[in-house]
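The values are calculated or read from the model by the stated rules, or taken from the named source; none is laboratory data. Only a predicted model underlies this, so the values are computations on that prediction, with no experimental measurement involved. Here the Cβ positions follow ideal geometry from the backbone for every residue, glycine too, while neighbour counts run over all protein chains shown.
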Amino acid sequence: MTAPEQPEHVEHAQPEHDRDDPPTVPGGIPLLESVTTKPSSERSEVLLVTGMSGAGRSRAAAVLEDLDWYVVDNLPPRLLAPLVGMMSPTGGVRRLAAVVDARGKEFFSELEGVIESFRAHGIEYRIIFLDADDATLVRRFEQVRRPHPLQDEGTILDGIAAERELTEHLRARADVYLDTSRLNVHELASRVRSEVAGEGQRPLDITVVSFGFKYGIPLDADHVVDVRFLSNPYWVTELRHLTGKDEAVSSYVLGLAGAEAFVEGYADLVEPITAGYLAEQKPYLTIAFGCTGGKHRSVALSEHLGELLRARGFSVRNLHRDLGRE
């Protein structure tokens with residue numbers, strides 16, 4: 001028996017392994033990776049804050065801490081490398097500021113080697129050097145009545161001279177140099193925010209709190225406003241069980257003679273003073289509205305003040321400290 005003839009011009013399918021572009025995913029399975037974006041990662045930042053004792057390193061560190069940097073002070077340089085190795089751009093510590101200076105004495109000499117290791121391993125860092133003239137440094141040490149960490153048996157000027165010699169190589173390679181001789185603490189904070197952290201003026205965060213005088217005045221209040229000059233909804237049977245967050249109570253309180261004008265006038269009073277708070281490096285303002293029990297009048301008026309200030313572009317949150325205590 002002869003084999004059947006093969007039809008002419010029939011193309012034989014190539015084995016999968018012989019194709020130039022074999023499929024990499026079985027049919028019917030969507031290619032999720034082709035449309036899924038990679039998670040964004042933020043670059044880790046390392047700041048070495050150094051300079052002369054008395055030039056404002058501690059103040060600079062406090063400002064960075066307020067800006068959500070992880071700050072370590074007076075850390076031996078040999079511990080910097082493992083600490084930097086623990087940083088993560090996707091979570092945990094992303095921005096590290098380490099204050100290193102001559103207080104470490106014999107340990108301070110190790111800093112040069114640590115910096116070179118950063119370079120060898122491609123770790124990005126910046127050096128912030130704070131300085132001041134000798135007369136200013138002497139005056140600051142005399143004001144706090146503390147010796148210079150390097151003066152030993154000598155004078156404050158001897159300690160300053162020794163520290164200048166030890167830190168000269170860091171001053172020469174600093175990315176940011178700040179002379180604080182003519183700066184007060186607020187001006188220094190502003191410079192650190194803008195030149196070191198790359199952040200401008202922080203917006204003012206306003207908290208409007210309602211409270212009852214029978215429970216005491218809030219300890220953290222910057223402004224205390226007594227609204228007990230208004231009639232108390234507690235004595236209205238239909239309103240007694242409600243709170244200032246209920247429409248019936250709010251309408252009643254704001255409908256009282258002078259109530260709405262009082263709140264609007266207070267908003268007008270607050271607005272021009274906000275710039276002063278920011279200039280004094282105080283980014284938080286707490287206004288406390290108090291009535292007898294902290295349930296009706298203070299709640300309604302503090303809520304209304306919050307609405308007025310938000311409409312003027314301020315960041316405001318409302319808290320009702322004593323609501324529910326009765």
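Within the stretch 273-294, is even one residue in a strand (DSSP E or B), in contact with a Lys or Arg (Cβ under 6 Å, 6 or more places away or on another chain), at negative phi and at pLDDT 90 or above? Break it down stepwise before answering.
The initial filter retains those residues of the stretch 273-294 that are in a strand (DSSP E or B), namely 284-291.
From what's left, in contact with a Lys or Arg (Cβ under 6 Å, 6 or more places away or on another chain): 291.
Narrowing the set further to residues that are at negative phi leaves 291.
Now drop any that are not at pLDDT 90 or above, which leaves 291.
Yes: the stretch 273-294 contains one or more residues that are in a strand (DSSP E or B), in contact with a Lys or Arg (Cβ under 6 Å, 6 or more places away or on another chain), at negative phi and at pLDDT 90 or above.
Just name the residue that is modelled with the highest pLDDT out of those in the stretch 94-141 that are closer than 23 Å to Leu64 by Cα and exposed (fewer than 15 other Cβ atoms within 10 Å of the Cβ).
For the stretch 94-141, the residue satisfying everything is Arg126.
Might you let me know whether the stretch 186-200 holds any residue that is surrounded by 13 or more Cβ atoms within 10 Å (Cβ to Cβ), touching a residue at least 40 places away in the same chain (Cβ under 8 Å) and within 21 Å of Asn318 (Cβ to Cβ)?
Scanning the stretch 186-200 turns up no residue that is surrounded by 13 or more Cβ atoms within 10 Å (Cβ to Cβ), touching a residue at least 40 places away in the same chain (Cβ under 8 Å) and within 21 Å of Asn318 (Cβ to Cβ).
Could you list, in sequence order, the residues of the stretch 22-68 that are on the phi > 0 side of the Ramachandran plot, surrounded by fewer than 17 Cβ atoms within 10 Å (Cβ to Cβ) and modelled with pLDDT of 75 or more?
Keep residues of the stretch 22-68 that are on the phi > 0 side of the Ramachandran plot, which gives 28, 51, 54, 56, 68.
Still in the running and surrounded by fewer than 17 Cβ atoms within 10 Å (Cβ to Cβ): 28, 68.
Selection gives Asp68 alone.
Tell me which residues, restricted to the stretch 114-127, are of a type outside the set (Asp, Glu) and either touching a Ser or Thr at 6+ places or on another chain (Cβ under 7 Å) or free of Cβ contacts under 8 Å to residues at least 12 places away in the same chain (or both). Before you say what the answer is, go through the steps one by one.
We begin by selecting, within the stretch 114-127, every residue of a type outside the set (Asp, Glu); these are 114-115, 117-123, 125-127.
Of everything in the stretch 114-127, those that are of a type outside the set (Asp, Glu) and either touching a Ser or Thr at 6+ places or on another chain (Cβ under 7 Å) or free of Cβ contacts under 8 Å to residues at least 12 places away in the same chain (or both) turn out to be Arg119, Ala120, His121, Gly122, Ile127.
Is it true that Gly255 is farther than 18 Å from Leu319 by Cβ, of a type in the set (Gly, Ala, Ser), loosely packed, with under 14 Cβ neighbours inside 10 Å and modelled with pLDDT of 95 or more? Before you say what the answer is, go through the steps one by one.
Values: farther than 18 Å from Leu319 by Cβ: yes; of a type in the set (Gly, Ala, Ser): yes; loosely packed, with under 14 Cβ neighbours inside 10 Å: yes; modelled with pLDDT of 95 or more: yes.
Taking the combined requirement at face value, the residue satisfies it.
Among the listed residues Leu305, Leu239, Leu309, Leu278, identify the single one that is more than 28 Å from the chain's Cα centre (by Cα) and in contact (Cβ under 8 Å) with a residue 12 or more places away in the chain. Can you show your working first?
Numbers: Leu305 fails: more than 28 Å from the chain's Cα centre (by Cα); Leu309 fails: more than 28 Å from the chain's Cα centre (by Cα); Leu278 fails: more than 28 Å from the chain's Cα centre (by Cα).
Going through Leu305, Leu239, Leu309, Leu278 in turn, the sole match is Leu239.
Being farther than 17 Å from Val63 by Cβ, in a loop (DSSP other than H, G, I, E, B) and free of Cβ contacts under 8 Å to residues at least 24 places away in the same chain: is that true of Asp158 here?
Working: farther than 17 Å from Val63 by Cβ: yes; in a loop (DSSP other than H, G, I, E, B): no; free of Cβ contacts under 8 Å to residues at least 24 places away in the same chain: yes.
Criteria not met by Asp158.
Looking at His223, His241, His296, which one is loosely packed, with under 13 Cβ neighbours inside 10 Å and either out of contact with any His (no Cβ under 7 Å at 6 or more places or on another chain) or farther than 25 Å from Arg325 by Cβ (or both)?
On the way: His223 fails: loosely packed, with under 13 Cβ neighbours inside 10 Å; His296 fails: loosely packed, with under 13 Cβ neighbours inside 10 Å.
Result: His241 is the single residue among His223, His241, His296 that is loosely packed, with under 13 Cβ neighbours inside 10 Å and either out of contact with any His (no Cβ under 7 Å at 6 or more places or on another chain) or farther than 25 Å from Arg325 by Cβ (or both).
Considering each residue of the stretch 60-83, count those that are closer than 25 Å to Ser117 by Cα, part of a helix (DSSP H, G or I) and either touching a residue at least 12 places away in the same chain (Cβ under 8 Å) or of a type in the set (Asp, Glu) (or both), and give that number.
Looking only at the stretch 60-83, we keep the residues that are closer than 25 Å to Ser117 by Cα, and these are 61, 64, 69-83.
Cutting the leftovers down to part of a helix (DSSP H, G or I) gives us 61, 64, 77-83.
Checking the rest, the ones that are also either touching a residue at least 12 places away in the same chain (Cβ under 8 Å) or of a type in the set (Asp, Glu) (or both) come to 61, 64, 77-78, 80-81, 83.
The qualifying residues number 7.
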